Amino acid sequence: MKLTRVLAATLLAPFVLAQTPADPDWDALGAQWWAHVQYLASDELQGRLPGTPGFELATQYVVKQFTAIGLKPAGNDGYLQQFNLSSTKLDTENSLAELKSADKTTPLKLGTEITLNSHVTLTGSSAEIEDAPLVFIGYGLRLPTRHMDDYAGLDLHGKVVVFYNSAPARLQGPQRAYARVAAQRWKYLSAAGAIGMIAITPPRTVAPLPPPTPAADAPAAPRAPRTPGAGAPPSRPSMAIADPSLDTLAGLRLNATVPVAQGDVLLAASGHTMAELKPLVDAGKPLPDFPLNQTIHAVTAVTQNPPVPTHNVVGLLEGSDSKLKHEYIVITAHLDHLGVGRPVKGDAIYNGAMDNASGVASVIEVAKILSSGPRPKRSILFIALTGEEMGELGSAYFAAKPTVKKSDIVADLNMDMYLPLFPLRYLEVQGLAESTLGNDARAVAQLNDIEVQFDKQPEENRFIRSDQVNFVAQGIPALAFKFGWTPDSPEMKTFNDWVKTRYHQPSDDLDQPVDKAAAAQFDAFLAQLAARVANTKDRPAWYPESSFAHQ
């Protein structure tokens, strides 16, 4: 059903979830939203991996929709913001890691005892550390606004730091996750003179990524490795923005992880054990720092694949106010998914229906709503982002090099896998307590009889695992969303079962239960929220007590 000005005005007004004859036809609007998902998550698009024909088809679809809506092209090439990704792969045959103490040398098995990250260079050359001292620095966090500094007074020059990849209990909310972003850690560690970092990493509680299908010109998988990399599995490419000015890990010569079960290998000569640290970690208490009395020799050998051209899709709805139209609200969702990978029950296409064709469909529908009614005072950019599954690369590029003046971007509203699996009664708002955007979300939700919630599973680090994090890194207030639930409810079970059985699996396809009407109601909520922020005199602002206000 085509949106009319009357219907658009109705959607921008507070909607009531209890249906009456005067209410919008949520089923019809949900069908419109679902039609976008059906195409973007179809087998024809082969999982929308950047660098593949399927991603290009998805791009063309979004451009077509933006054109039909009447959004202005706002990329650097029409609607497209073009840039290249660097693709490197660990050369396991020629990589190694070994520990040296006073009386012995201990080789580490790649892939089981230690994992080397090939993103130590954008050029494909190898990185080597020769007998660098190791030091344990607790959680490896420096947060001046929280009076937390795990390496105050330590001499880290020329050393490789080892830390437990968690956070103490007193660090809560989005800051708990954001402080652990590799770029955030490295910013402080490099300034302190460190040359490498090793994270002792607890087990993940979510499904691992499957290996994606490489682009047609990608090299073949490496041959079985020889010593010293014996036993190492073939690695998948590491993708990064090719522009060296945006390399947030510049100068890092060793980037590695060690599973908790192997942590004692690193601590063997220190007089400490993982068993000693575990009670402190479990209780969320501070961890000690101490020298590990070992050095590490590590070679991260990498091969350079051809660069992968990719793009964000950017459409502009120009604001109506002569002054405020030069400020921008950004509404984002990532267009990419995982492509074709390891078959599961005979299905190798990772369609990404909820992750994140659903979010892109909502970007399109919100653009349609806002374009059909009274123009907001501020301008709004609608962006389908690339490379989220590769490490939020498209948002990192746009946030650092936007196609409008960066200082004029006032907010980001991001949708990633918001999971409209049941009726919209509760809405989890990530970033709720960090900026005035939280009050805007509360106000719009209250008008619509929706109860907002904080992130109920902060241990999953969802605030740093999607594109809003890169806008936050640039000082731009941001929110992200999930359909909410209450403890021990059927909705909680539905949500957790979805994460367990469909997240990053081929079963995240078109053959799954979805509440389409609830998705349409969410779109209306988001349109109201964007309009409220766009029409408010003052720009959104971080709360003074938020750590993000003092980056």
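How high is the relative contact order of region 396-475, in percent, counting Cα pairs under 8 Å that sit 6 or more residues apart?
The value is 38 percent.
To the nearest Å, what is the center-to-center distance of region 486-509 and region 399-461, using C-alpha atoms only?
Region 486-509 and region 399-461 have Cα centres separated by 20 Å.
Taking the Cα-to-Cβ direction at Leu280 and at Gln512 and moving 7 Å from each Cα, how far apart do the two end points lie in nm?
Computed distance between label sites Leu280 and Gln512 equals 4.0 nm.
Can you list the aspartates and glutamates whose alpha carbon sits under 16 Å from that of Lys89, skipping same-chain ones fewer than 8 residues off?
Glu128, Asp217
Taking Cα atoms, how many degrees apart are the long axis of helix 358-372 and the longest axis of the chain, rounded to 10 and kept between 0 and 90?
With both axes taken from Cα atoms, the answer is about 40 degrees.
Averaging sequence separations of C-alpha pairs under 8 Å and six or more residues apart, then dividing by the length of region 417-551, give the relative contact order as a whole percent.
It comes to 39 percent, rounded to a whole number.
If the only charges are +1 at each Lys and Arg Cβ and -1 at each Asp and Glu Cβ, what is the size of the charge dipole of the chain around the Cα centre, to the nearest 20 debye?
740 debye
Using 0.36 nm per residue, how much length does the chain from Arg442 to Asn293 gain when fully extended, once their Cα-Cα distance is taken away?
Length difference between fully extended and current span is 48.4 nm.
Give the calculated FRET efficiency between Asn76 and Asp103 to the nearest 0.05, with a Förster radius of 45 Å applied to their Cβ-Cβ distance.
With R0 = 45 Å, the Cβ-Cβ based efficiency is 0.15.
Using a 1.4 angstrom probe, figure out how much accessible area region 454-551 has per residue, in square angstrom, rounded to the nearest whole.
40 Å²
When Lys and Arg each count +1 and Asp and Glu each count -1, what net charge do the other residues less than 13 Å away from Glu113, Cβ to Cβ, add up to?
Charge balance in the 13 Å sphere: -1.
Carbon-plus-sulfur fraction of the accessible area of the chain, 1.4 Å probe, in percent?
55 percent
Based on the Cα coordinates of region 306-384, what is the per residue volume of their convex hull in Å³?
94 Å³
In whole angstrom, how long is each semi-axis of the equivalent ellipsoid of the chain, when you take the square root of 5 times every eigenvalue of its Cα gyration tensor and sort them from largest down?
41, 25, 22
Among the listed pairs Lys368/Lys456; Lys401/Lys456; Lys187/Lys325; Lys72/Lys406, which are separated by more than 26 Å between their Cα atoms?
Violating the 26 Å limit, Cα to Cα: Lys368/Lys456; Lys401/Lys456; Lys187/Lys325.
So, with +1 on the Cβ of K and R and -1 on the Cβ of D and E, and no other charges, what is the size of the charge dipole of region 430-527 about its Cα centre, to the nearest 20 debye?
Charge dipole, region 430-527, about its Cα centre: 140 debye, nearest 20.
Quick one: putting +1 on the C-beta of Lys and Arg, -1 on the C-beta of Asp and Glu, what dipole do you get for region 14-166 around its Cα centre, in Debye to the nearest 20?
That gives a dipole near 260 debye.
Express the relative contact order of the chain as a whole percentage, based on alpha carbon pairs under 8 Å and six or more residues apart in sequence.
23 percent
Against the longest principal axis of the chain, how steep is helix 516-535, in degrees 0 to 90 to the nearest 10, with axes from Cα atoms?
For helix 516-535, the angle is close to 90 degrees.
Assuming R0 = 41 Å, can you tell me the calculated FRET efficiency for the pair Ala152 and Ala400, based on Cβ-Cβ distance, to the nearest 0.05?
According to the calculation, E is roughly 0.85.
Can you list the equivalent-ellipsoid semi-axes of region 45-170, largest first and in whole Å, using the square root of 5 times each Cα gyration tensor eigenvalue?
Those come to 43, 24, 14 Å.
Just grab the label-to-label distance for Glu44 and Lys187, each label 7 Å out from Cα along the Cβ direction, in nm (one decimal).
4.3 nm
Among Ile464, Ala445, Phe290, whose Cα sits farthest toward the positive end of the charge dipole of the chain (+1 at Cβ of Lys/Arg, -1 at Cβ of Asp/Glu, about the Cα centre)?
Going by the charge dipole, the pick is Ala445.
Under 19 Å from the 7 Å Cα→Cβ point of Lys345, by amide nitrogen: which residues of region 390-421?
Of the residues in region 390-421, 421 have backbone N under 19 Å from the label point off Lys345.
According to a simple spin-label model (label point 7 Å from Cα along Cα-to-Cβ), what is the distance in nm between Asp449 and Ala31?
Once both label points are built, they end up 2.5 nm from each other.
At 0.36 nm per residue, and after removing the present C-alpha to C-alpha distance, how many nm does the segment from Ser407 to Asp538 gain when stretched out fully?
Gain in length upon complete extension: 45.7 nm.
Which whole-percent values make up P(r) of region 476-551 when all C-alpha to C-alpha distances are grouped in 10 Å steps starting at zero?
The calculated distribution, bin by bin, is 14, 30, 30, 23, 4.
Hey, what number do you get for the chain at 222 nm if only DSSP H runs of n ≥ 4 count, each worth -39500 (n - 2.57), divided across all residues, to the nearest 500?
Only helices count here, giving -7500 deg cm²/dmol.
Putting +1 on Lys and Arg Cβ atoms and -1 on Asp and Glu Cβ atoms, find which of Leu324, Asn312, Leu338 reaches farthest to the positive end of the dipole of region 306-360.
It is Leu338, whose Cα lies furthest towards the positive end.
Using a Förster distance of 60 Å, how high is the FRET efficiency between Glu128 and Ser322, based on the Cβ-Cβ distance and rounded to 0.05?
0.55
The values are calculated or read from the model by the stated rules, or taken from the named source; none is laboratory data. Quick caveat, the model's predicted, so the values are computed rather than measured. Counting neighbours? That spans all protein chains shown, and the Cβs are built from the backbone with ideal geometry, glycine included. Please note that ligands, DNA and RNA were not included when accessible areas were found on the heavy atoms of the full protein model with its side chains. Shrake-Rupley method; radii C 1.70, N 1.55, O 1.52, S 1.80 Å.
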